[in-house]
Amino acid sequence: MEAGLFLLAAAAAVLAAAWVRERALRRADAERNRRDIDEQRSRREVELKEQSQRTAALFDRMVEGLIVLDAGGRIRLANRAAEVLFAFDGHAAGRTILEATRHHEVAAVVARLDRELEVLGYELRIDSIDAPRFLQMNALALRDTSGASDGAILVFHDLTRLRQLEGVRQEFVANVSHELRTPLSLIKSATETLLDGAKDDPAALTRFLQIIDKHANRLALLIDDLLLLSTLDSGGLRLNRQPLPFRSTVQDAIDDLQTRALARDVTLENKVPPTLVALADDDRMRQVLSNLLDNAIKYGRAGGVASVEGRLLPDGRIEIVVIDDGPGIPKDSQERIFERFYRVDKARSREQGGTGLGLAIVKHVIQAHGGDVRVESGPGAGARFIVNLPAMPGS
Ligand code: ADP
């Protein structure tokens with residue numbers, strides 16, 4: 001009997017121990033599972049965070065402004081370009097499109113998405129702090145799988161630069177037409193006068209033929225300059241860069257202009273040292289120097305001096321300076337004279353046969369060489385056109 005009780009007790013103890021071990025094992029399992037789930041969850045959270053950071057970084061790198069709206073019409077996301085375009089003060093997230101952009105047209109386009117799936121190519125103007133901006137807006141309604149509204153995506157392209165270029169192009173065409181019409185109408189009226197009887201008077205015949213010749217030459221010059229500028233604009237100009245002894249290029253330009261200089265009693269001086277060498281296209285550089293020296297003759301002092309200096313700068317670049325002792329260029333025109341058709345004195349330029357394109361060509365050609373050009377001038381103190389060219393490789 002006692003032995004039986006003892007066995008029963010022993011069996012109960014074994015069972016109890018097994019139960020305790022089993023419970024401990026289960027608890028450990030549950031603990032491990034919980035840890036696994038926690039780990040997975042935090043890994044997933046990190047992944048999601050990284051993914052949304054990557055998406056945000058991608059959106060922020062977009063040139064276009066991007067705004068994503070939720071089903072309630074509130075901003076879920078706005079990228080940096082959108083923030084800049086609409087000058088959001090503070091965070092846009094959570095606000096309605098009207099609150100954030102303060103632009104009724106934008107809000108009206110968003111409202112249209114209730115009825116339409118998309119609104120594409122909508123153009124609008126916004127008045128930002130510095131200047132008006134022209135935008136193209138594309139809006140796309142989002143729908144969930146059941147077809148219910150799930151917000152919208154708005155993309156804004158900034159068309160301001162394009163509009164500016166279009167304005168420049170229109171102005172250029174208007175200028176070209178005007179520049180062509182002026183000599184053409186002078187030629188036409190000279191021929192009409194000749195045909196009306198002036199041809200029978202030898203003195204008048206010569207005078208009117210000279211007028212025709214002068215303005216036909218002006219037209220030819222203008223067309224040459226326009227063609228060259230168009231080649232430069234299209235990047236079609238091939239530069240034949242060679243080590244150029246600059247003194248001889250300057251001398252060639254001076255020789256070409258000697259007759260014009262004599263007509264205004266201007267002395268041309270070449271002060272470029274024979275050792276100065278630049279990597280440049282000879283023909284184009286001669287043209288740059290011709291344009292600058294021609295201006296120095298035209299606008300400088302009659303009976304004055306126009307000279308060209310050159311030096312090697314400490315950083316290896318080459319500096320060429322065309323100097324005259326004329327009346328100089330007013331401060332507020334100094335930046336503008338490199339623009340096409342800009343002239344300080346229109347009548348004077350035309351009378352001298354100027355096309356208004358000489359300095360625009362100079363700037364273009366020098367930039368094509370990787371250099372730059374600027375002017376220094378004070379009232380009555382003459383003008384100094386300073387050209388910088390990149391250093392010779394290996395210098
Ligand atoms: P243009 O055919 O009229 O000479 P440019 O582009 O060569 O055209 O020059 C633009 C304008 O810059 C000129 O009309 C003139 O008013 C001014 N300019 C250029 N060079 C000089 C200079 N050396 N001195 C004074 N004015 C100058």
Check: segment 1-61 dipole with +1 on Lys, Arg Cβ and -1 on Asp, Glu Cβ, in debye: 200 debye
Once amide H atoms are built 1.01 Å from N in the peptide plane, which residues 5 or more positions from Leu159, or in another chain, come under 5 Å H to H? Phe134, Leu135, Gln136
Output wanted: per-residue J couplings in Hz (rounded whole) for segment 184-192, from phi through Karplus 6.51 cos²θ - 1.76 cosθ + 1.60, θ = phi - 60°, x for Gly and Pro. 5, 6, 5, 5, 5, 5, 5, 5, 5
Where the only charges are on Cβ atoms (+1 Lys, Arg; -1 Asp, Glu), what is the dipole of the chain about its Cα centre, to the nearest 20 debye? 560 debye
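Once you have the Cα-Cα distance between Ala263 and Ala111, take 0.36 nm times their residue separation minus that, and quote the gain in nm to one decimal.
47.5 nm
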Extension gain (nm, one decimal) between Glu50 and Ile37, 0.36 nm per residue minus Cα-Cα: 2.7 nm
With the Cα gyration tensor of segment 63-158 giving a ≥ b ≥ c as the square roots of its eigenvalues, does the rule (a/c under 1.5 for rounded; else a/b larger than b/c for prolate; else oblate) give rounded, prolate or oblate? prolate
Asserting the computed 222 nm helical MRE of the chain (DSSP H runs at least 4 long, -39500 (n - 2.57) per run, divided by residue count, to nearest 500) equals -17500 deg cm²/dmol
The answer for Leu357, listing residues at least 5 apart or on another chain whose modeled amide H is closer than 5 Å to its amide H, is Phe341
By its C-alpha gyration tensor, with a ≥ b ≥ c as the square roots of the eigenvalues, how is the chain shaped: rounded for a/c under 1.5, else prolate for a/b larger than b/c, else oblate? prolate
Can you pull the one-decimal nm distance between simple spin-label points at Val176 and Arg348, each 7 Å off the Cα toward Cβ? 2.9 nm
Would you pull out the residues with amide H under 5 Å of Ala381's amide H, same chain only if 5 or more places away, H placed 1.01 Å from N? none
On a straight-distance basis, which lysines could pair with Lys188 in a cross-link, Cα separation under 18 angstrom, same-chain partners fewer than 8 positions away excluded? Lys199, Lys214
Within straight-line cross-link reach of Lys331, aspartates and glutamates at Cα separation under 20 Å, skipping those fewer than 8 residues along the same chain: Glu339, Asp345, Asp372, Glu376
³J(HN,Hα), Karplus 6.51/-1.76/1.60, whole Hz, each residue of segment 33-41, x for Gly, Pro: 4, 4, 4, 4, 5, 4, 4, 4, 4
I'd like to check one number: the per residue accessible area of the chain, probe 1.4 Å, reported in Å² as a whole number. 60 Å²
I need the phi-derived Karplus couplings for segment 108-124: 6.51 cos²θ - 1.76 cosθ + 1.60, θ = phi - 60°, integer Hz, Gly and Pro marked x. 5, 5, 4, 4, 4, 5, 5, 9, 10, 7, 8, 10, 10, x, 6, 9, 9
Quick one: net charge of Arg340's neighbours, Cβ under 12 Å, K/R +1, D/E -1? -1
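Please compute the contact order of segment 1-144 in relative form: average sequence separation of alpha-carbon pairs under 8 Å and at least six residues apart, divided by the residue count, as a percent.
11 percent
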Placing each pseudo-label 7 Å from Cα in the direction of the beta carbon, Arg74 and Leu162 end up separated by a distance in nanometres of 3.4 nm
Taking a ≥ b ≥ c as the square roots of the eigenvalues of the Cα gyration tensor of segment 164-236, is the shape rounded (a/c under 1.5), prolate (a/b larger than b/c) or oblate? prolate
Can you pull the one-decimal nm distance between simple spin-label points at Ala12 and Phe134, each 7 Å off the Cα toward Cβ? 9.8 nm
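The values are calculated or read from the model by the stated rules, or taken from the named source; none is laboratory data. Values in this document were obtained by computation on a predicted structure and should not be read as measured data. Positions of Cβ are generated from backbone atoms using ideal geometry, with glycine treated the same way; all protein chains shown enter the neighbour counts. Note: accessible area is taken over every heavy atom of the protein model, side chains too, but ligands, DNA and RNA are not part of it. Shrake-Rupley method; radii C 1.70, N 1.55, O 1.52, S 1.80 Å.
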